[in-house]
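What follows draws every value from the coordinates through simple rules; no lab data is involved. Keep in mind it's a predicted model, so treat the numbers as computed, not measured. Cβ coordinates were reconstructed from backbone atoms using ideal geometry, including for glycine residues, and neighbour counts include every protein chain displayed.
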Amino acid sequence: MKLLLLFGNAAVGKMTVGQELMKLTDLRLFHNHMTIEPVLEVFGRFDTPAILRLRQVIFEEFAASDLPGMIFTFMWAFDSPEDWAYVESVKDIFRQRDPDTQFYHVELIAGRDTRIQRNATENRLQHKPSKRNIEASLNRMLKDDSRARLESNPGEIPFEHYLRLDNTHLPADEAARIIKAYFGL
């Protein structure tokens, strides 16, 4: 089993790169809004415990499957010990089922101006209904930028299989090809 953790700031292109990477590999995509959007629809608000429980079920069932691997996209607050622990807890689910699970870590980075443009792309709005109010989405993005450090410091990520990729000027399909080649997926 393979688990590729694809993380980065809001609107950096995680889902779109993940979609392209899924086309190039045998990995399945589980982007974070696949659990956020249904919870928003049912509860009418962001309910973290419900989102995390839904993700837990998906991780457990996927880890127990015979599928070759998953791409999971999310935002990681590097200044939050809880986020570091969460990453390890997700990896533990896969380790428990298959101690030989291979983990890959890809951090996408892009400048704020690029992320502001990407905040309103057709693909993003199609797959993330909560982003369709562009002004509110932009305000959340800027608030996230001020509340947490969502880009790692150089040398901070200690994992063996790690790639930091500046995709400011890369189309998603090219970023996916770079990731595939880098890890030999």
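Its relative contact order, with pairs defined as Cα atoms under 8 Å and 6+ residues apart, puts the chain at 37 percent. Calculated [222 nm] ellipticity per residue, helices only, for the chain: -15500 deg cm²/dmol; basis is -39500 (n - 2.57) per DSSP H run with n ≥ 4, divided by all residues, nearest 500. Using all pairs of distinct alpha-carbon atoms, the Kirkwood hydrodynamic radius of the chain works out to 16.8 angstrom. With 0.36 nm allotted per residue and the present C-alpha distance subtracted, the Trp84-Ile58 stretch has 7.4 nm of extension available. Among complete DSSP H helices in the chain, those whose alpha-carbon atoms stretch at least 20 Å along the helix's long axis and whose mean Kyte-Doolittle hydropathy reaches -1.0 are 48-63.
If you take all other residues with their beta carbon under 12 Å from the beta carbon of Thr25, and give Lys and Arg +1 and Asp and Glu -1, the sum is +3. Taking a Cβ cut-off of under 12 Å around Met15, the surrounding Lys, Arg, Asp and Glu residues balance to a net charge of +3, with basic ones at +1 and acidic ones at -1.
Measuring nothing but how far apart in sequence close Cα pairs (under 8 Å, 6+ apart) lie, relative to its length, segment 79-185 scores a relative contact order of 38 percent. Straight Cα distances below 26 angstrom link Lys143 to the lysines Lys14, Lys128, Lys131, with same-chain residues fewer than 8 positions distant left out.
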